[in-house]
Amino acid sequence: MYINQTEMNKHVIVITGAGKGIGKAIALEFARQSSLKPAFKPSLVLTARTENEIESVAKECRTFGAVAESITADISNTSQMSQVTDRIIERYGAIDCLVNNAGVGRFKPLGEMNEEDFDYCVATNMKGTFFLTQKIFGVMQRQQKGHIFFITSVAAEKAFKSSSVYCMTKFAQKGLVETLRLYARECNVRITDVMPGAVFTPMWGEMPDDMKAVMMMPEDIAVPVVQAYLLPGRTSLEELVLRPVGGDINE
Ligand SMILES: NC(=O)c1ccc[n+]([C@@H]2O[C@H](COP(=O)([O-])OP(=O)(O)OC[C@H]3O[C@@H](n4cnc5c(N)ncnc54)[C@H](OP(=O)(O)O)[C@@H]3O)[C@@H](O)[C@H]2O)c1
């Protein structure tokens, strides 16, 4: 167990895009750790647009004994997320951790990308991530404590041919991570950039078994993310790069 006595009490953890895939696995791993470490008592706040999915994940988290609630919200809606943040503060009094996981992709050749594809990806991955981070980082600055994870991608620093807009938004997220870190170091806030390669999640749609066999699973990302959070507060795991052992697929 990594956390020390003074850090054990309050863990209000907000996870965006927690209804499926990597976000769901992170929520369940926080809950699982709470059942293994009696002194670790997280309050999990799970958000996404699909109500039944996040409520079902919250329910599963509660089976581990964790406090978990679901809030249906769209991170591309800035005023809605601002209200959600205010509601969390009202209810819990603090936010200790934000996992910026919600993200979308449209994957096709450059020439086939249309304005709707562009606006859709930018609204969630760039605008939504920026304004939610801005709001919650303000809370953490006042607290002089916090941890923000960004689930970016290996596509935040490497190009993939079918991912022009996706890569653009992920490179942009990395720009935000690097800038935010300059502020975060001044106020005891940890920033972790998580860069996974291919993970088998609903984001990929239907996949043949041979492709699935060479991908990572969501829990492969969730376990190191939660361990990074549980490190002593004096230590910040700044970057995590995780790839399938055979390297990137869809080069
Ligand atoms: N899978 C991979 O290979 C891979 C690799 C590297 C990085 N990543 C990144 O990891 C993150 C999670 O990906 P995933 O593969 O787990 O995707 P996923 O299975 O499609 O899940 C994405 C989650 O985000 C939510 N979401 C999407 N847009 C949202 C919005 N505007 N507001 C609120 N919630 C939203 C979705 O729920 P609703 O649709 O109900 O809102 C869902 O719960 C993404 O940022 C992705 O770019 C994925």
Report task. State whether one or more residues within the stretch 112-124 are of a type in the set (Ser, Thr, Tyr) and in contact (Cβ under 8 Å) with a residue 24 or more places away in the chain. Result -> yes
Query raised in the report: Considering only the stretch 34-79, how many residues are in contact (Cβ under 8 Å) with a residue 60 or more places away in the chain and within 16 Å of the ligand (Cβ to nearest atom)?
Result: 0
Report task. Return a yes/no flag: does the stretch 203-221 have any residue that is loosely packed, with under 15 Cβ neighbours inside 10 Å, touching a strand residue (DSSP E or B) at 6+ places or on another chain (Cβ under 8 Å) and under 21 Å from Gly23 (Cβ atoms). Result -> yes
Query raised in the report: Out of the stretch 170-216, which residues are of a type in the set (A, V, I, L, M) and in contact (Cβ under 8 Å) with a residue 40 or more places away in the chain?
Result: Ala172, Leu176, Leu180, Ala184, Val189, Ile191, Val194, Met195, Ala198, Val199, Met203
Query raised in the report: From the set of residues in the stretch 81-106 that are touching a strand residue (DSSP E or B) at 6+ places or on another chain (Cβ under 6 Å) and more than 18 Å from Ala222 (Cβ to Cβ), which is nearest to the ligand (Cβ to nearest atom)?
Result: Val84
Report task. Spot the failing condition for Phe149; the list is (1) among the hydrophobic types (A, V, I, L, M, F, W, C); (2) surrounded by fewer than 24 Cβ atoms within 10 Å (Cβ to Cβ); (3) touching a strand residue (DSSP E or B) at 6+ places or on another chain (Cβ under 7 Å), and only one is missed. Result -> (2)
Report summary line: Filtering the stretch 178-202 for residues that are more than 13 Å from the ligand (Cβ to nearest atom) and in contact with a strand residue (DSSP E or B) (Cβ under 9 Å, 6 or more places away or on another chain) leaves a count of 12
Query raised in the report: Within the stretch 202-218, how many residues turn out to be in a helix (DSSP H, G or I) and closer than 14 Å to Gly246 by Cβ?
Result: 3
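For the structure I just gave you, tell me whether Asp193 is of a type in the set (Asp, Glu), more than 29 Å from Pro109 (Cβ to Cβ) and crowded, with 16+ Cβ neighbours inside 10 Å.
Against the criterion (of a type in the set (Asp, Glu), more than 29 Å from Pro109 (Cβ to Cβ) and crowded, with 16+ Cβ neighbours inside 10 Å), Asp193 does not qualify.
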Query raised in the report: If Asn125 satisfies every condition in (1) assigned to a helix (DSSP H, G or I); (2) within 11 Å of the ligand (Cβ to nearest atom); (3) under 23 Å from Gln227 (Cβ atoms) but one, which is the exception?
Result: (3)
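Using the structure shown, decide if Val154 is farther than 20 Å from Ile15 by Cα and either touching a residue at least 60 places away in the same chain (Cβ under 8 Å) or surrounded by 22 or more Cβ atoms within 10 Å (Cβ to Cβ) (or both).
yes
Read the figures in this text as sums done on the coordinates, not as results from a lab. In this text, all values refer to a predicted model and were calculated from it rather than measured experimentally. As a convention, Cβ positions derive from the backbone with ideal geometry for all residues, glycine included, and neighbour counts pool all protein chains shown.
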